[in-house]
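Student: I'd like to ask you about the structure that follows.
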Amino acid sequence: MATYLVTYDLNNEVKRPPIVEKVKSFPGYAMLSESSYAISTPLTVQQVYETFKPLLDDDDTIYIISLRKPWTGFGPKDVNQWLADNLPNS
């Protein structure tokens, strides 16, 4: 299963709840910040993008980026553990 960073900037805040709901529909996820999530999924990066595309307006931005070990950061223990458990080795 692949792990991706989903990071976005919305100019129409009405869209935030549907995007968060979509993130939570993936087999696994961790919230990294208010608008950045790590997700695990069997989908390709393009397929993940296509699932979010209908939720975006023309002035929004979104990036789907592959994540792999090694990584480093500072945050909640449960997020750190999720990343340790779900990021594949490079």
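Student: For L10, indicate whether it is in contact with a Pro (Cβ under 9 Å, 6 or more places away or on another chain) and free of Cβ contacts under 8 Å to residues at least 60 places away in the same chain.
Tutor: no
Student: How about region 1-50: which of its residues are of a type in the set (S, T, Y), more than 17 Å from W82 (Cβ to Cβ) and either in contact with a Lys or Arg (Cβ under 6 Å, 6 or more places away or on another chain) or not in a helix (DSSP H, G or I) (or both)?
Tutor: Y8, S35, T44 - these are the residues of region 1-50 that are of a type in the set (S, T, Y), more than 17 Å from W82 (Cβ to Cβ) and either in contact with a Lys or Arg (Cβ under 6 Å, 6 or more places away or on another chain) or not in a helix (DSSP H, G or I) (or both).
Student: Would you call T61 under 11 Å from T3 (Cβ atoms) and either in contact with a Ser or Thr (Cβ under 8 Å, 6 or more places away or on another chain) or β-branched (V, I, T) (or both)?
Tutor: No.
Student: Just a yes or no: is a residue in region 56-73 touching a Phe, Trp or Tyr at 6+ places or on another chain (Cβ under 9 Å), modelled with pLDDT under 95, farther than 14 Å from L32 by Cβ and loosely packed, with under 15 Cβ neighbours inside 10 Å?
Tutor: Yes, the conditions are met somewhere in region 56-73.
Student: Look at S66 and say whether it is small (G, A, S), on the phi < 0 side of the Ramachandran plot and in contact with an Asp or Glu (Cβ under 9 Å, 6 or more places away or on another chain).
Tutor: no
Student: Mind counting the residues in region 23-37 that are in contact with a Ser or Thr (Cβ under 6 Å, 6 or more places away or on another chain) and in contact (Cβ under 8 Å) with a residue 24 or more places away in the chain?
Tutor: Total satisfying the criteria: 3.
Student: Also, I was wondering about something else. Would you pick out the residues in region 51-72 that are in a loop (DSSP other than H, G, I, E, B) and in contact (Cβ under 8 Å) with a residue 12 or more places away in the chain?
Tutor: Listed by number, the residues that qualify are L56, D57, D59, D60, L67, R68, P70, W71.
Student: Are there any pairs, at least 6 apart or on different chains, whose C-beta atoms fall under 9 Å, with the first in region 39-50 and farther than 11 Å from A2 by Cα and the second of a type in the set (V, I, T) and surrounded by fewer than 18 Cβ atoms within 10 Å (Cβ to Cβ), and if so, which?
Tutor: From region 39-50, the pairs are Y49/I62.
Student: Checking the conditions here, which among S25, S40 is closer than 20 Å to V79 by Cβ, modelled with pLDDT of 95 or more, surrounded by fewer than 14 Cβ atoms within 10 Å (Cβ to Cβ) and of a type in the set (G, A, S)?
Tutor: Sole residue among the options that is closer than 20 Å to V79 by Cβ, modelled with pLDDT of 95 or more, surrounded by fewer than 14 Cβ atoms within 10 Å (Cβ to Cβ) and of a type in the set (G, A, S): S25.
The values are calculated or read from the model by the stated rules, or taken from the named source; none is laboratory data. What you see is a predicted model; the values in this text were computed from it and never measured. Quick reminder, even Gly has a Cβ in these numbers, built from the backbone with ideal geometry, and neighbours come from all protein chains shown.
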